[in-house]
1. Looking at (1) within 14 Å of chain B (Cβ to nearest Cβ); (2) touching a residue at least 24 places away in the same chain (Cβ under 8 Å); (3) more than 15 Å from the chain's Cα centre (by Cα), find the lone condition where A:Leu202 falls short.
2. Can you tell me which residue in segment B:477-534 is farthest from A:Arg109 (Cα to Cα), limited to those that are polar (S, T, N, Q) and assigned to a helix (DSSP H, G or I)?
3. Take the residues of segment B:29-47 that are in a loop (DSSP other than H, G, I, E, B) and at the interface with another protein chain (Cβ under 9 Å from one of its Cβ atoms): which is farthest from B:Lys187 (Cα to Cα)?
4. Starting from residues that are part of a helix (DSSP H, G or I) and within 7 Å of chain A (Cβ to nearest Cβ), keep the ones in segment B:92-102 and report whichever is nearest to B:Tyr410 (Cα to Cα).
5. So B:Leu141 clears everything in (1) crowded, with 24+ Cβ neighbours inside 10 Å; (2) more than 13 Å from every other protein chain (Cβ to nearest Cβ) except one condition, right? Which one?
6. In segment B:144-166, how many residues are surrounded by 24 or more Cβ atoms within 10 Å (Cβ to Cβ), part of a strand (DSSP E or B) and within 11 Å of another protein chain (Cβ to nearest Cβ)?
7. Filter segment A:108-122 down to residues that are more than 17 Å from B:Arg41 (Cα to Cα) and of a type in the set (D, E, K, R) and give me whichever is farthest from the other protein chains (Cβ to nearest Cβ).
Amino acid sequence: MPTTIEVEIKRQNGPDGTGAVENFSIPYRPNMNITSLLGEIALNPVTKEGKATTPITYDSNCLEEICGSCAMLINGKARMACSALVDKMLEEGGGKIKLAPLSKFPVVRDLAVDRAVLFENLKKVKAWVPIDGTYDLGAGPKQAPQIQEERYPLSNCISCTICMEVCPQFNDVTNFVGAATIGQAKLFNMDPSGSVLKEERLRALSGDGGVQECGFAQNCVQACPKGLPLTEAISDIGRDVFVQKVKDFFRA
Amino acid sequence: MAAATPRIIVVGGGLAGLSAVIKIAEAGGKVDLFSIVPVKRSHSVCAQGGINSAKNLKGEGDTPFKHFDDTIYGGDFLANQTPVKAMCEQGPAIIDLLDRMGVPFNRTPEGLLDFRRFGGTLYHRTAFAGATTGQQLLYALDEQVRRFESEGKVQKYEGWEFLSAILDTKGACRGIVAMNLRSMELKTFPADAIIICTGGNGAIFGKSTNSVVCTGSAQAALYQQGAYYANGEFIQVHPTAIPGEDKLRLMSESARGEGGRVWVPKDRNDKRQPNSIPETERWYFLEEWYPKYGNLVPRDVATRAIHKVVYEHGMGLDGQPMVYLDVSHLAPERQHKLEGILEIYEKFVGDDPRKVPMKIFPGMHYTMGGLWVDFNQMTNIPGVFAAGEADYSIHGANRLGANSLLSCIYGGFVAGPKAMEYAKGLEPQQGDGGHAAELIRQQQYNNILLNNQGTENPFQIWRELGDTMTRHATIIRYNAGLREADQKIVELIERYKKINLSDKSQWANTSFAFARQLYNMLQLARVIVQGAELRDESRGAHYKPDFPERNDEKFLKTTKALYDDNSDAPKFEWEDVDISHIKPRPRRYDATA
């Protein structure tokens, strides 16, 4: 049993700041996770060398892997800090833990990054059901349990953007929207009322940065903390986009 | 008269806030939505088990009135009955609406909504989406708001924190001061009315099932500006949470709704693996003590039972404060409906709850009290409305499981249109309506905090606050302990004045934002412990062994705390409870009839 936890954290004091690494040595307690480790630093913000420093800035909220806030690179791998257990991470990192911000998003400060791009993408694919209004219109359409079973896993997407971080195609060159957005397009295309916008969603995913940018690396499905069937969604949407293009060609 | 298009600010983007936003946008109002986190990451996302409504799709003869009665009885008659009745009557229409928005509710083979059982009722009344219902509901409302946002009807301010309301010379609200959590800039925003939907205050207890943002800071700021804070002493401790280093992770009541059982070995020295302990050597204490409701007694009852088994009978697992919550005997299709929460347990504890019983203990979970509101969801400050967990209405002395999601949406649906109505009748403001003065007040506060010379660390003060509150103001309360807690909080407020922030920078300074919240938490903590001390009875979640009975004659009253500037402490008033529909009767879940 170690007496201390050795942590190396990549720090940056603002979007334009340069990166610097700080090392910390935190008293060991069993059953800690990465967010409680960061809490310990806030309680006593002193580096391993004894230099006074500032608490680490990072995003977190629910601490139970459902809000999607605390994605970061832990030992070089994109994952949620709340469900990353210190004991496991120490073992994996050979007695040391390395923390860094996600690499594909602008850094706000330290481990916090700006992931607004995902929410903008969700607007592009109209990821909603266009209901007539919130007044009482009676029950919704009946839905076979099989459809619910297929929709529910896609609806578990927590917008953590890990699928985008690990995707080799998600970069400035391709403008790829990433797997999460494609999964949401499929989710709403499958809804009996949401499907009214199906054609618009498919067209939004057919141009630059659309579904065809996927290079089938399959990193997304392996890294997704919630186990979403992302590659299945990409291939389904890819097929639908193709069919839509053919239809639009003959209609034109 | 005010401008033709009312301008409303909604603070908080959980279920209540988003519900209010949708109603205002739909009615043609202009709405600005403020949230500390991107709204899709709000704490509503953590709700698990489901949402109640008496749809009566199981042929049981359930009705909105029975739902109303269960809610009032479950809340030990402390809730004003008129809004509760209205909420239960609107329940079925709210479920239908959510269904139409595309929430992936579980279905019956015929394709209708499925319903499960929950605590404090004998009916299948809880619609659910696996065990992540809050997440699914939040997303559905978030999507509708995103639609309005793309149409230009809603402006989101994510990453901005509410600091205070701007009040004019007549005391009416004319806007808010908010802080940008990246640039740390303070700015005023005009509004004809504001709606506070900022959730509960779990952070006051250090570790709870709540999210990091649930500090109660916004409510406490308004309380210090003259809003009544009601029933602060009513805090729900959920019977089944996973004890953790950083927080207590909820294990939904739906685990018991689907057939999960709570037990300990009959022999406290039994060292066998739980699965090898035969049925006859297990003590299913809830089923024994409450034969009619069994494992589905209301939360306050289950929590006290677990506390008693551990601390009075000394029967905690391995002498530790834990008991088993067992779903390992359930059929795979039942376990499948609980997938979301079983995964949480597996990830954070390491054991597979499909195979071995979970180890759980009660944890602070829900804030029944909150900003006092009238039946239109307006506080006593004109133009300041509140909805959801942030207000005190609906749940009385104890909330029933799966009623929170409903109350959030109901509250937002009332507050939105009522705020519009108020705004339309509002007289134009004189001068700047108080904007400049309030901005200066908040800037001065920031300067004090940044220039303090002391040795105190805000996170250390928070830790001590949490320890004190958990020890004295959760499951069991004694007046001596509550007084000790109040003295401790006064000491912490003094020490707060000597906080020296290690980070004084003005960019994404999270410890600075936290230090601001901490002051408000300390003020609200006093409301909780003093309110609890003054209530010499036991009712719902508020339990005093020295006063074990409910006392309607003296305490069938809403506690109202008002901040007193001179003494920097709360003053208390009491208000009669609306019992116009159901006559109070003894609350006994151990009766078999």
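The values are calculated or read from the model by the stated rules, or taken from the named source; none is laboratory data. Being a predicted model, the structure only gives us computed values, none of them experimental. With ideal geometry, Cβ positions are generated from the backbone for all residues, glycine too; neighbour counts draw on all protein chains shown.
1. In the conditions (1) within 14 Å of chain B (Cβ to nearest Cβ); (2) touching a residue at least 24 places away in the same chain (Cβ under 8 Å); (3) more than 15 Å from the chain's Cα centre (by Cα), A:Leu202 misses (1) alone.
2. If we take residues in segment B:477-534 being polar (S, T, N, Q) and assigned to a helix (DSSP H, G or I), then B:Asn479 is farthest from A:Arg109 (Cα to Cα).
3. Filtering segment B:29-47 down to residues in a loop (DSSP other than H, G, I, E, B) leaves B:29, B:36-38, B:42, B:47.
In the following step, the residues that additionally are at the interface with another protein chain (Cβ under 9 Å from one of its Cβ atoms) were identified as B:36-38, B:42.
Working: B:Ile36: 15, B:Val37: 18, B:Pro38: 19, B:Ser42: 23 Å.
Selected residue: B:Ser42.
4. Step one: of segment B:92-102, the residues part of a helix (DSSP H, G or I) are B:92-100.
Filter again for within 7 Å of chain A (Cβ to nearest Cβ), leaving B:93, B:96-97, B:99-100.
On the way: B:Ala93: 10, B:Asp96: 13, B:Leu97: 12, B:Asp99: 16, B:Arg100: 17 Å.
The qualifying residue nearest to B:Tyr410 (Cα to Cα) is B:Ala93.
5. Condition (2) is where B:Leu141 drops out.
6. Of the residues in that region, 0 qualify.
7. Among those residues, the one meeting the criterion is A:Asp110.
Yes or no, residue by residue, for (1) outside any loop (DSSP other than H, G, I, E, B); (2) touching a residue at least 60 places away in the same chain (Cβ under 8 Å); (3) acidic (Asp, Glu); (4) not assigned by TED's automatic domain parsing to the domain that holds B:Met251:
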| position | (1), (2), (3), (4) |
| --- | --- |
| B:Ile381 | no, yes, no, yes |
| B:Ala415 | yes, yes, no, yes |
| B:Glu438 | yes, yes, yes, yes |
| B:Gly454 | no, no, no, yes |
